[in-house]
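Structure record follows, encoded as structure tokens.
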Amino acid sequence: MTTMSRHLKDLESESLYILREVVAQFQNPVLMYSIGKDSSVLLHLAMKAFYPAPIPFPLLHVDTTWKFRDMIAFRDRIAADYGVRLIVHVNEDGLKAGVDPNTTDSAHYTHVMKTEGLRQALDKFRFDAAIGGARRDEEKSRAKERIFSHRSKDHHWDPKNQRPEIWQLYNGRLAAGETMRVFPLSNWTELDVWQYIAAEEIPVVPLYFATERPVVWREGFMIMIDDGRLKLNIGERPEMRLVRFRSLGCYPLTCAVESSASTIEEIVEELLVTRASERQGRVIDRDQASSMEKKKEEGYF
Amino acid sequence: MSQRDAGNSNDPAAIAGTASADTLPMLRFLTCGSVDDGKSTLIGRLLYDCHTIFEDTLLAAERDSMMYGTTGEPLDFALLLDGLQAEREQGITIDVAYRYFATPRRKFIVADTPGHEQYTRNMVTGASTSDAAVLLVDARKGVLIQTRRHTCIVHLLGIKNIVLAVNKMDAVGYDESTFKAIDHDYRAFAALLGIANVTTIPVSALRGENLAKRAVAMSWYEGPTLLEYLESVDVTSGREREPLRLPVQWVCRPNSDFRGYAGTIASGTVSVGDQIASLPAGMTATITRILNGDEDCTSAQAGDAVVVTLDHEIDISRGDVLCAATARSEISDQISANVVWMSKHHMLKGRPYILRCGTQSVLAQISDIKYKLNVESLEHVAARDLSCNEIGSCNISLNKPITFDSYEDNRSTGAFVLIDRTTNETVGAGMIMFALRRAQNIHWQALNISREQRAELKGQHACCLWFTGLSGSGKSTIANLIEKRLFAQGRHTYILDGDNVRHGLNRDLGFTEADRVENIRRVAEVSRLMVDAGLITIVSFISPFRAERQFARERFPDGNFLEIFIDTPLDLCEQRDPKGLYKKARAGQLANFTGINSPYEAPENPEIHIAGGSVSAEEHVEEIINALVKRGFLHAH
């Protein structure tokens, strides 16, 4: 294990404090587990925050049924390793309606399978606090979100009417039916996350590491073929490329980047020189610059 | 435009993650200034010059610059920062935005805070977690009221490292005497506040001059560039050298063999074998284990999130503070503090708010506003309430003692927020100055005869019947009839009526929101004493605000306070208008009249809910008597 730098230790302490505040202030919290690297870090921090007690909340995965197979296998293994309860929720209404990323407009698909799916799960299990791995450096509208971010009864975020967050005195008070989203990794950057994964030897999905994978080029994006459900367009021909993923979502909407970084150390090296942002591989962010804010107001994580 | 044309010789590969960046603590700083001083441009430029902006983000900003840009340049740096759609269209920053960048020497978190007055609360938010502040002024305008206000807030929040960036030097021809004059003005103002350390730097954010690279056009300036200043400023606050303060956040009890106390060390260090005192109880114990995450260690320091165990079991829960046994915090239920108000609803004397200090949560009432601070002239101004963005020096009374240090000594254990109990909004930020001595000298006189004994002698259950409703709802009529009935049954009663009390005890109070709060506070306290005396106490007050009725309820033991809501429709009350007050209010001759130009917040869960006016007053009395019998306060007759 490499030693942890001063600023990583500071970030870790801040996150542990936030996680403990959630457990102290809420009745029924849940950790939003998306299987990605940020979720891996979040889960590891939760283990540390409450040690030697077990993690005192379940994990919730809103499954679109279009995650990479490697992600699902990893999810089930990790939940068992950490001894934590895993809740998997699928928006069955969306499935019945035939919402499919191959044929449905990506914005609509995301809204139904992710945003609505999440709302359904929060309502069904009556969670009052949902802990997420979002970071402020990911995207412009996230930079203004509070660490304790209030949601109305219908899961609406009002960016102009956020509670002031002063010192580390987080106000988790809610009226009946309201919920809180809590972001313990708010002050982390993508580089911090990878350096922490390296220092703490935290397991992550193998898709983050470069290897030869079958891909097709589509509208400038490299889409990986994970199973037979990806419909190939005329003229599209799968080819083997040395690729990895910087950000993981649903496979037809998340594209690979060409890379030879096959270890955590090589990923950190790559990040130090890269000039492309993390969400470049997310098809759903492309519509217009404010699209993330719109999705968030509606309840997307 | 590509990232590598930025004209800065920094090697991206050397940035962030190298050994030197790993050993320095992060610097959290905020930027503030007036509207249009160019804060967002300055940060956007710093990020750009430090190679933190990714190419796809740059492309998006360039596209946005064509549509919304205000600088006429191909890239409006402010647009890299202004995240929210609405503000992009207005061209101003409306909230705090946090940004992250690094140089080979240090990592930074920047809080970009807005300049215009109504968003001062966001500036306080940004300042509360910052160790340094960069204030911007426009070289063409010099030190403005906003500059003074922000300096005052930054100083009040305990930030010791202040840098004044005199921006837009390009617009004044890089004139040295302009810079010197502003520098002189600002230092004079800072000296009035007692700020010892000020650094002033002439810059042009638009052109990136004296930010990451030295400006050739200002060769007369010999001080550090802004980035040199930020890379070298010493924020070692000496927190480790202060006495131990470990506010208990959560009790870790996985099984009967382990009982640990989780918390983040606010100041000092802790080692295995140290003697600690748990406050406010004051019991002492010895530290036996320290867990830093999942690893055992022999000591930990300020900032570490730990779990500690003790050599013997003492009663400790969330809100207690573990202190060095030989250097303990203060404990008091009466404090003096500076409060920054952040809500559009005024701060009201007497209204109970939730006060959160560290992991403690108590009820607080502002007992006195000594003065409010005019942040431009620094004058002390008399005040009865505080409105949004005002700063007041207040005496605060708490429902139980808290453990604290003065904010000057400890930014963690001396800070608090105030939360509105009805809306749950965070409405104020406070910094404790000292404990009021009188709290230590006035103790409750222990009474030998209890409330129950007094009531028993009278053969009754003492309770408070609290009638609330609009003027003209019939509550006084009904309350009077009830008292008559009780009297006839041989009950000992007393009635407190709104109008009557205002002739005596409360004749110094008017009808503003603040006075109405105080009116109810006094009546609640008097009725509590009467219930203590064993009386069935009937209170008949409009009492329009939920917060005050809640306060009154909490004066009494559970079940001894019965809220009786006389729910008569407004138009019926207005039609009755027994005192001609509705008519006056409608004619604009009566301000703050409940139901007309002042709100009535209806009870959500009253013990007794009467549909006023649906039947005769006598029949309403019958309903209430039946309800009292059902609840065991009266025997059936």
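The values are calculated or read from the model by the stated rules, or taken from the named source; none is laboratory data. Since this is a predicted model, take the numbers as computed values, not measurements. Neighbour counts are summed over all protein chains in view; Cβ atoms, including those assigned to glycine, are modelled from backbone coordinates with ideal geometry. For accessibility, only protein heavy atoms count, side chains too; no ligands or nucleic acids. Shrake-Rupley method; radii C 1.70, N 1.55, O 1.52, S 1.80 Å.
For segment A:47-76, a residue qualifies if it is among the aromatic types (Phe, Trp, Tyr), out of contact with any Gly (no Cβ under 9 Å at 6 or more places or on another chain) and within 14 Å of chain B (Cβ to nearest Cβ), and the qualifying residues are A:50, A:57. Looking across segment A:142-156, just one residue is closer than 20 Å to residue B:126 by Cβ and more than 11 Å from every other protein chain (Cβ to nearest Cβ), and that is A:149.
Inspect all residues belonging to segment B:547-561 and state whether any of them is touching an Asp or Glu at 6+ places or on another chain (Cβ under 6 Å) and at pLDDT 90 or above. No - not one qualifying residue is present in segment B:547-561. A Cβ distance below 6 Å, combined with a sequence gap of six or more or placement on separate chains, defines the contacts here; from segment B:350-363, residues that are more than 10 Å from every other protein chain (Cβ to nearest Cβ) reach residues that are of a type in the set (D, E, K, R) in the pairs B:350/B:518; B:350/B:521; B:362/B:400. Do we find a residue being outside any helix (DSSP H, G or I), modelled with pLDDT of 90 or more and closer than 20 Å to residue B:585 by Cβ anywhere in segment B:456-468? Checked segment B:456-468: at least one residue is outside any helix (DSSP H, G or I), modelled with pLDDT of 90 or more and closer than 20 Å to residue B:585 by Cβ. Residue count for segment B:141-171, restricted to those that are among the β-branched types (Val, Ile, Thr), modelled with pLDDT under 90 and open to solvent by 30 Å² or more (accessible area, probe 1.4 Å): 1.
Pairs meeting the criteria (first residue in segment B:228-249 and in contact (Cβ under 8 Å) with a residue 40 or more places away in the chain, second residue of a type in the set (Phe, Trp, Tyr) and not in a helix (DSSP H, G or I), beta carbons under 7 Å, at least 6 apart or on different chains) are B:230/B:29; B:230/B:108; B:248/B:261.
Picking from residues in segment A:103-118 that are touching a helix residue (DSSP H, G or I) at 6+ places or on another chain (Cβ under 6 Å) and touching a residue at least 24 places away in the same chain (Cβ under 8 Å), the one that is surrounded by the fewest Cβ atoms within 10 Å (Cβ to Cβ) is A:106.
For segment B:250-265, residues that are part of a loop (DSSP other than H, G, I, E, B), surrounded by fewer than 24 Cβ atoms within 10 Å (Cβ to Cβ) and within 12 Å of another protein chain (Cβ to nearest Cβ) total 1.
If I go through segment B:16-60 residue by residue, how many of them are crowded, with 20+ Cβ neighbours inside 10 Å, modelled with pLDDT under 70 and over 35 Å from the mean Cα position of the chain (by Cα)? Of the residues in that region, 3 qualify.
Taken over segment B:550-574, residues that are farther than 12 Å from residue B:464 by Cα and either open to solvent by 40 Å² or more (accessible area, probe 1.4 Å) or part of a helix (DSSP H, G or I) (or both) amount to 9. Scanning segment B:606-630 for residues that are open to solvent by 60 Å² or more (accessible area, probe 1.4 Å) and either hydroxyl-bearing (Ser, Thr, Tyr) or touching a residue at least 24 places away in the same chain (Cβ under 8 Å) (or both) yields a total of 3. How many residues does segment A:119-131 hold that are assigned to a loop (DSSP other than H, G, I, E, B), surrounded by fewer than 21 Cβ atoms within 10 Å (Cβ to Cβ) and not basic (Lys, Arg)? Qualifying residue count, segment A:119-131: 1.
Residues in segment B:154-181 that are in a helix (DSSP H, G or I), in contact with a Leu (Cβ under 8 Å, 6 or more places away or on another chain) and more than 26 Å from residue B:389 (Cα to Cα): B:170 only. Being without any contact (Cβ under 8 Å) to a residue 60 or more places away in the chain and within 11 Å of chain B (Cβ to nearest Cβ) is a description that does not apply to residue A:139. Taken over segment A:208-253, the criterion of being among the aliphatic types (A, V, I, L, M) and under 27 Å from residue A:108 (Cβ atoms) is satisfied by A:215, A:216, A:222, A:223, A:224, A:225, A:230, A:232, A:234, A:248, A:253. Residue A:260 - would you say it is open to solvent by less than 30 Å² (accessible area, probe 1.4 Å), modelled with pLDDT under 95, within 26 Å of residue B:102 (Cα to Cα) and of a type in the set (Ser, Thr, Tyr)? No: the conditions fail for residue A:260. Just one of the listed residues (A:107, A:175, A:134) is among the aliphatic types (A, V, I, L, M), within 24 Å of residue A:64 (Cα to Cα) and either part of a loop (DSSP other than H, G, I, E, B) or within 13 Å of chain B (Cβ to nearest Cβ) (or both), namely A:134. Counting residues in segment A:154-171 that are of a type in the set (Lys, Arg) and touching a residue at least 40 places away in the same chain (Cβ under 8 Å) gives zero.
Listed here are the residues, each with its yes/no results for (1) under 26 Å from residue B:260 (Cα atoms); (2) modelled with pLDDT of 95 or more.
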site: A:15; (1), (2): yes, yes
site: A:29; (1), (2): yes, yes
site: A:49; (1), (2): yes, yes
site: A:82; (1), (2): yes, no
site: A:103; (1), (2): no, no
site: A:108; (1), (2): no, no
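Condition check ((1) open to solvent by 50 Å² or more (accessible area, probe 1.4 Å); (2) under 16 Å from the mean Cα position of the chain (by Cα)) across all residues:
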residue	(1), (2)
A:180	no, no
A:184	no, yes
A:198	no, no
A:219	yes, no
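Of all the criteria given as (1) open to solvent by 10 Å² or more (accessible area, probe 1.4 Å); (2) in contact (Cβ under 8 Å) with a residue 12 or more places away in the chain, the one not satisfied by residue A:30 is (1). When B:181, B:190, B:217 are screened for being modelled with pLDDT under 95 and either surrounded by fewer than 18 Cβ atoms within 10 Å (Cβ to Cβ) or in contact with an Asp or Glu (Cβ under 7 Å, 6 or more places away or on another chain) (or both), only B:217 passes.
Condition (residue is part of a helix (DSSP H, G or I), open to solvent by 10 Å² or more (accessible area, probe 1.4 Å) and closer than 22 Å to residue B:97 by Cα) applied to segment A:145-157: is it met by at least one residue? Looking for residues that are part of a helix (DSSP H, G or I), open to solvent by 10 Å² or more (accessible area, probe 1.4 Å) and closer than 22 Å to residue B:97 by Cα, one finds none in segment A:145-157, hence no. Within segment B:364-392, being within 14 Å of chain A (Cβ to nearest Cβ) and outside any strand (DSSP E or B) holds for B:388, B:389. Would segment B:305-317 turn up any residue that is within 13 Å of chain A (Cβ to nearest Cβ) and farther than 20 Å from residue B:273 by Cα? Yes, some residue in segment B:305-317 is within 13 Å of chain A (Cβ to nearest Cβ) and farther than 20 Å from residue B:273 by Cα. Taking the conditions exactly as written (basic (Lys, Arg) and in a strand (DSSP E or B)), does residue B:344 satisfy them or not? No. Considering only residues that are over 20 Å from residue B:472 (Cβ atoms) and assigned to a helix (DSSP H, G or I), look in segment B:537-549 and name the one that is most open to solvent (accessible area, probe 1.4 Å). Ranking the candidates gives B:546 first.
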